[in-house]
Amino acid sequence: MLLLLLGIVVLHVAALVLLFVSTIVSAWVVNPNSSSDLWTNCTTANGQSKCDPADTGVWIQAVQALMILSIIFSFLSLFLFFCQLFTLQKGGRFFLTGAFQIFASLFVMSGAIIYTVMNFEWVHESQPYGFSYILAWVAFPLAFISGLIYVILRKRE
């Protein structure tokens, strides 16, 4: 049982770290002359760098909000897990913890979908996606799986 709890915590922390990195790092769309993330769109031309803030569209603000909500819900889920670990009755399930983690996964999925669909307004279509965008998509199944495991998990002695 201890190894199962340790494994679920490691999976949860991995998803939380991926959410942090994908939200903070400026690499959602990258090429040699520009980089774009949720907060800025920077281009380099003739040796000069120009960065535009991300307040140009409602959709990018929705993606920002969804990514931040996913981090908050994932962190709250981890906190609730540790609280429930010590207060939950024997045989009880971690429903609240699992629900919060599933909400976090749905928020990151929604944010990544909106970014995928609306990205052409922010940067040119031909630019490749960066590693932060990929990390956001990897965080989605990790958070969802950990949320399902929390829902299935029963507290034992």
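The values are calculated or read from the model by the stated rules, or taken from the named source; none is laboratory data. Since the structure is predicted, the reported quantities are computational estimates derived from the model, not experimental observations. Using ideal geometry, Cβ is built from the backbone for each residue, glycine included, and neighbour counts are taken over all protein chains shown. Remember, those area values only see protein heavy atoms, side chains included, never the ligands or the DNA or RNA. Shrake-Rupley method; radii C 1.70, N 1.55, O 1.52, S 1.80 Å.
Brief remarks on what is shown
- By the rule of a second cysteine Cβ within less than 4.7 angstrom, the chain holds isolated cysteines at Cys83.
- Carbon plus sulfur fraction of accessible area for the chain, probe 1.4 Å, in percent: 73 percent
- Cα pair distances in the chain, grouped into 5 Å bins until the bin that holds the longest one, percent each: 2, 10, 19, 19, 14, 11, 9, 7, 5, 3, 2, 1, 0, 0
- With contacts taken as Cα pairs under 8 Å and at least 6 residues apart, the chain reaches a relative contact order of 34 percent.
- Solvent-free Debye scattering, log10 I(q)/I(0), computed from the Cα coordinates of the range 1-89 at q = 0.14, 0.16 Å⁻¹: -0.64, -0.75
- Per residue, the chain exposes 54 Å² of accessible surface when a 1.4 Å probe is rolled over the protein heavy atoms with every protein chain present.
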